[in-house]
Structures are given as C-alpha cells and as structure tokens.
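Here the structure comes first, spelled out in structure tokens, and everything after it is commentary.
The values are calculated or read from the model by the stated rules, or taken from the named source; none is laboratory data. Fair warning: this is a prediction, and the values are worked out from it, not measured in the lab. For neighbour counting, all protein chains shown are included, and Cβ atoms are generated from backbone atoms with ideal geometry for every residue, glycine included. To get the accessible areas, we keep the full protein, side chains included, count just its heavy atoms, and leave off ligands, DNA and RNA. Shrake-Rupley method; radii C 1.70, N 1.55, O 1.52, S 1.80 Å.
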Amino acid sequence: MSSTPNKRIGKVGVIGAGVMGSGIAAHLASAGVPVLLVDIVPKDAPALPADAEAPEYAAVRGRRNAIAAGALGKMPKSKPSIYQKASDLALISVGNLEDDLAELGACDWIVEAVVERLDIKQAVFSKIDAHRAPHTIVSSNTSGIPLASMAEGRSEGFRKHFLITHFFNPVRYMKLLEIVSGADTDPAVTAKMSAFCQDDLGKGVVIAKDTINFIGNRIGVHGMMKALELWQQSDLGIEAIDAICGEALGRPKSAIFRTADVVGLDTFGHVARNCYDNLPHDEERDVFALPEVIQKLVAAGATGAKAGAGFYKKVGKNILVFDPAAGDYREQVKFRTDSLGAARKTADVGQRIANLCAADDAAGNYAWALTSSSLVYAANRMGEIADDVVSVDRAMRWGFNWALGPFEIWDAIGVQKVADRLSAEGRAVPKLVQTMLAEGKTSFYGGAPGARTGLTAGLQAAPVAPLPGIDLADVRAAGGVIERNESAELLDLGDGVLCLAFASKMNALDEHILTLGEKALDLCEAGRYGALVIANDGANFSVGANLMMIGGAIMQGAWKQLEASVQRFQGFTQRCKTGPVPVVTASHGMALGGGCEVTMHSAVTVVGAETYMGLVEVGVGLIPGAGGTKEMTVRALAGVPADVKVDRLPLLQKAFEAMAMAKVATGAGNAFEMGFLRPTDKFCIDTDRRIGEAKKIALRLIEDGYRPVGPASNLLLPGAEGLAAFEMALAAFHWSGLASEHDKIVGTQIAKVLCGGEKGGLLSEQDLLDIEREGFLHLCGLEKTQARIRHMLETGKPLRN
C-alpha cells in the first residue's frame, strides 16, 4: 500500500532547466508551491570543497548551479511571461544534479524534464531511485518515450510512485496535462497527482495510455500533417488553408501554418517523426512523414516565429507568406468563399463546422476532407490511446484549443451522415462506428445537461465526469434564464445568487447591459436574491465600453444624452461597490476599459489566471469614465488617513502611469501588482472555476452578514501642486517623443482626477466622479479624440495623433 495519499504535496523538485523545466517550475511557483530547480553541473565547474565553511565554498557552489541559476535569471525576461507575478520567483531555489540529490529526494514530487533520450532519463532516474523518500512521487514530462522503458531496472517503490505527467508548452497557458500510469503505478498515486494537478495547478487532466505521443499529439499532429498533405494536393495557398482551418472550423485563429510557426517547425517535425518512426502498424503512418517543404525551411533556419521566419515572415509591418513554388515569400492574398462568409455569421460552432463541411466550394471541400480524416483517425484510435471519447475530446480542446473534440464533431455533423458520406466516397467507415450504428447508437454523447454520458471504447454509455465550477451553458439548458436582451442576460445560479452575463459582441458594455445590470441590483435589493455575480462565458470578460455608441452620440452632438449615459454608468459601478448586497465579479480574458472598471467596483473579484486587465481609454483619447479613474485614486491612497502628513504624489504616480500609459496586466498576478486587484480579491489558477468560486464567495458574504464599505469621504488630494508635477512629467514625455501633444492633454485630465482638480484638499468619491465625468466629456469634444475614436472603429487599431 502506498504511503502517498494522505501527504500533501508541499515541495516539488524539477530536473532540467530548459524551456519545459523552467515553465513547469514557474507555473508551480505561481501556484504557491516551493520548487527546487536543478540541472547538470557545467563541465568546467570545479569540484565542491569538502568543507562547507571553506571561503571558496559559496562561489564554487554558484558555479556548479550555474545552469539552473541562469534559467531562473532569464525568467523575468520571458515573453510571454511564464509566471504570474515577480514575487512568485522567490519560491524557486536552484541546485544541481550532484550536490542536491538529498534535498531533491526529500521533495514530495520530482518531475523530470530533461532531453528526450531514454539513456539520459534512465541515468537520472537511477540517481533519484537511490535518494528518493518512500513517499516521493516521480514523474517524467516525456512527450512520447514509453513509461515501461523509463522504469526498467528501478526499485519496486520507485515503480509504484512513477508515472508520466506530460505538460503542454507553454506550461502556464496550455491547460492540458496528460497523465500516464504504468503497470506497477499505485492507483492512489495516479489519483493524488490527478487531483493536485487539477486543483492546485489548474490543469485539465486527461488519463492517457502508454502509447506514442499519447492522445493530444497523436490526434493533433495527425490532423496538422493531414492538412499539409491535403494542401500539397490542392492549388490553395498557405493563407487560404489557415482561413479555412481557423475559427471557421472551430479551431484557433492560428489554424495550421501559424500554429506550426509558433510551435517551431523543428519541434513540430520532431513530434511528427516520433510518430513515423514508432508507429509501423498505424494505417496513417505515411501521413506523419515530414514534407520536403518543412525540411527545406528548417535547413534554411526558417524554423518559425522564434527564428523570425517559417511559413510566415514579418517584413516591416507586412506579414508575408511562403510560396513553395517560388521558394520565396510573397504578399498574402485574401481568400474568400461563400461558405466562409456564412461560417463567420454562424455562432453555434457545431452547426458552423457541419455547414462548412457540407459546402460545395473550395473551402467546403477542403474542410470536409480534413475533418473527415481526423474523425476517422480518432475513431480508429479508440481503445488504443484512450478508453473513452471524453478523454480524447478534452485532450483536443485543452491541448490544441479545438472548440469541439473529434467525437463531439461526429455528433455535430451526425454520425450516420458522416458514415453515409464516407461510404459514398468509397472510404472505409471505422469499425467502431459500424458497430455502434448496428447497435442502434447514433451519437457518442447522450443524456441531459448535468447528467451527460459518453461512450467508452467498448461502446458502453458512461457518465461524463463533471468539470469543477459552473458552466453557464448548463444553467441556461436547465431553464435558469430569468431575462434576456440583445446584449445581456440574467441567470439564476441557485441558492439565491443571481448572475449578470454580458452577451454583446466582444462583451462591449452598452445601454442594454446597463439596463439588465440595474435590474439585477433592483432584484437583489428587493430581496429576491441575496447576491449578484457578474460573469460570462465569452472569450473575454469585456473589452470596454461600446465605442460605436459613444462615437455616435458625439457625431450627433447629443451631449446631454452622452453626459446622462456617463453618469448612469458611474452610478451603476458605484452602486455595485456601495450597495447593500454583495456583488462579486468573475473576470477572465480581456477586462479592458469599462470591463476593468466594472471588475474594480465589486465587493470581491475572482480573477482567472489568464486575465488581462487595463484602463486603456487613452488609446481613443479618453480617460476611464465609469469610475475607474476615481477608483484608482481611492486605491492609491488606501490606508493613508487624511490627517497623516505624507507625500501622496509617489502613491498616485503608479496609478497615473497605469492609466496614462494604457498599461495592461500580463495576467492576474500582474494585475495585483498594478493595483487593478486588491489583496482581498481571489486568484483562481483554473479560469474555468471562476464562476463557481464567485458564487461560493457570494454565499459566504451573505452568511457573514455583508455590509458594504461606504464610499471614501475624506480623501486628501494635492490639488494644483500635484497637478503641476504631473504636467511637468507629461511635458518631459512629450519632449522626448514618448507622448504626443494630445497625449499630454489626455494625461492632464487623468491627473486632475488623481489630484482632486486644481483645488484638491479633502474630497469625497462623488467629488472625484464629478471631476472624472467632466474630463471625459471635455475630451469627447476635442477633434483629436474624435479622430482617435473614428480610427479605432474603422481599423481596430489606436491612432497616435
């Protein structure tokens, strides 16, 4: 029996300080887990003195730890950032694979992330086997080396505590984690690691079998290689394939060729070659053969984004595309078909894929050829790589960002329809599908929301294990919609908690959202509900206010209407903050401008790890006008009593820079550092749990007898003196070319709020809201602000004028 289950994973050792090892270490640290990061001793490092008190001991130790220390030193420069906030890195200590074996062996979990060579991994595991504590779990991050081969020759205790934990790169951003157990792995160890990686690290865990490239890369790389094969058989350009295989087909915008560039053509080729070399009996083995075009690009050093060129190449402001026939890069050609145009207008992703695959044009024919190949391949792999369809679908959603997994696509198009079309084309229907249809089973999934079933490899209907958190789609399906308009809806989350969910394009805030937001507060204050959660299941929480609405009011000269709208938005956010019922926001993705302002005015914000917050209104020549500028002022001076004599400018400067420079947090951790979030707000490493966490917090606030924090009424602000200091700083930015003349004007309006206008002194939040609204409306009347608004609406990009 394992000694593992009841011991919490407190410290983790990571072996290998390369890209993957560094990413794993940084992610663990972001989750609050102490990490020991080790690598080999450099060849030129001296031997360690026997006496730890020797004068040269520390210097020699430093040289022997140089590889891991160097990796840690590079982490602050990583782009995109591989950790959440700077203080996370203090949880990472460094060492080496000779001097730190005892400390490494005492860790609760050791994850190996060294080079993909069996002999090297076996040598590492031999060392660990001799030093690991009886409870220590050991795993490999291999992407394809069989577990049985790595465990060969190891002790019984090691084998019981050994498994594969395959993280996807970049670790922070990719949700999928594949766990593979061996014949000797204690089931309790697998269960413990699954729970830890899911609950503490926020990963989507899929149990895979010990087969080449597991689930995600086996299906995903096959799909990408098939796309290349079909492309070479067609007369379509690279950009045309990416237009077809992106969002139109329920896949990421990066589609095929951009994804390959991001992954790296050399890395992508390595994974494909691993399949080709080790799958001699796979019916699609030849698909994994690396195309000559990739071989030539890699040989020329064009390995993708990291090299500045791959299938695409950025030249100045233009992104060129590779033309294999010419052997050079060319301008992209816009690819349009009726089916792609229709796909852009179809919100339901399953229907979108089905419609595109049924279309009789170049896009439709290619989409069907690729999709049907992936569906057939996935069905033929059942029982080999996974025991159920749910694992395969989740692996593709979490590891390759598909909107639907292959078996969900089978159901979306129709299993019988796919089978009939395959037969009509003279193609083999997978035996799994033949059998299920013969048994009268016409879909891979069944059951009602909350009680769904999915087929196993043996075609038995098994319950789909629910994912943690609240899925708003399930709430809707269960009849939880209270009211809906064109931009928002009110949902009953149960237990007396109401949800305001944005549903406009990009969740831009408009009058319709405000109307339901006010009604939600009315219902809560009337006692119908005890708390309000503001959350949604769109790609982003909110990209800000509806700029078309603001621009339209300016063009019509409807100044009184615009002022009333601004005042109304300020009233809504302030009511969220100071009203009698708790309001909890659950933020994710982009929370910009007005979206950030709504988030900042809640009693508690639950923020998903990948939330990018910012008050970016200066990009369109405005200042935050829904209470954001006011709230940044309040937060900057939080904890500073009015009667305390202290220079407030340094405290206000950070808030000024955040708004005047339109800074956007690189993630939730950075949002705390920038002041968009408070220490009392909740960091949720698994973004999918944010709504469930928000509801829990709302219920806790109700139970604790929630009383709102009243608006600040005694903010001591510097007035004209502070304003002059900010204006001097703006002038310096202008002289150095870092700010335009209009940037100075906008920045001055931000400074006016932060300083309490020219007068300053003791001011209330309402005083600041009045100054904020006045500055916002003043800027709306300026021609250069109007030009910025028009440019943003026309191009989607900011204008610096």
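Which one of these does residue 219 not meet: (1) over 19 Å from residue 113 (Cα atoms); (2) touching a residue at least 40 places away in the same chain (Cβ under 8 Å); (3) in a loop (DSSP other than H, G, I, E, B); (4) not aromatic (Phe, Trp, Tyr)?
All conditions pass for residue 219, except number (3).
Please work out which residue is nearest to residue 594 (Cα to Cα), limiting yourself to segment 525-550 and to residues that are open to solvent by 20 Å² or more (accessible area, probe 1.4 Å) and aliphatic (A, V, I, L, M).
Filtering first and then ranking leaves 545.
Across segment 177-207, what is the total count of residues that are open to solvent by 10 Å² or more (accessible area, probe 1.4 Å), over 27 Å from residue 84 (Cβ atoms) and not acidic (Asp, Glu)?
Residues flagged as open to solvent by 10 Å² or more (accessible area, probe 1.4 Å), over 27 Å from residue 84 (Cβ atoms) and not acidic (Asp, Glu) within segment 177-207 amount to 9.
Under the condition of being hydroxyl-bearing (Ser, Thr, Tyr) and touching a helix residue (DSSP H, G or I) at 6+ places or on another chain (Cβ under 6 Å), which residue from segment 580-601 is nearest to residue 687 (Cα to Cα)?
587
Can you list the strands (runs of 3 or more DSSP E) lying wholly within segment 475-524 that have 3 or more residues being surrounded by fewer than 20 Cβ atoms within 10 Å (Cβ to Cβ), at pLDDT 95 or above and in contact with a strand residue (DSSP E or B) (Cβ under 7 Å, 6 or more places away or on another chain)?
Per the criteria, 481-484.
Restricting segment 668-703 to residues that are part of a helix (DSSP H, G or I), of a type in the set (A, V, I, L, M) and open to solvent by less than 30 Å² (accessible area, probe 1.4 Å), which is nearest to residue 583 (Cα to Cα)?
Of everything passing the filter in segment 668-703, 698 is nearest to residue 583 (Cα to Cα).
For residue 607, work out the one condition from (1) in contact with an Asp or Glu (Cβ under 7 Å, 6 or more places away or on another chain); (2) part of a helix (DSSP H, G or I) it doesn't fulfil.
The one condition residue 607 does not meet is (2).
Residue by residue through segment 187-215, note down the ones that are of a type in the set (Phe, Trp, Tyr) and either out of contact with any Asp or Glu (no Cβ under 6 Å at 6 or more places or on another chain) or over 21 Å from residue 279 (Cα atoms) (or both).
Once the filter is applied, which keeps residues that are of a type in the set (Phe, Trp, Tyr) and either out of contact with any Asp or Glu (no Cβ under 6 Å at 6 or more places or on another chain) or over 21 Å from residue 279 (Cα atoms) (or both), segment 187-215 yields only 196.
Can you pull out the residues in segment 726-754 that are polar (S, T, N, Q) and surrounded by fewer than 16 Cβ atoms within 10 Å (Cβ to Cβ)?
736, 740
Within segment 421-434, which residues are open to solvent by 60 Å² or more (accessible area, probe 1.4 Å) and either within 29 Å of residue 478 (Cα to Cα) or not in a loop (DSSP other than H, G, I, E, B) (or both)?
421, 423, 424, 431, 434
So which residues in segment 461-472 are within 23 Å of the chain's Cα centre (by Cα) and open to solvent by 50 Å² or more (accessible area, probe 1.4 Å)?
Hits for segment 461-472 are 465, 466, 467, 471.
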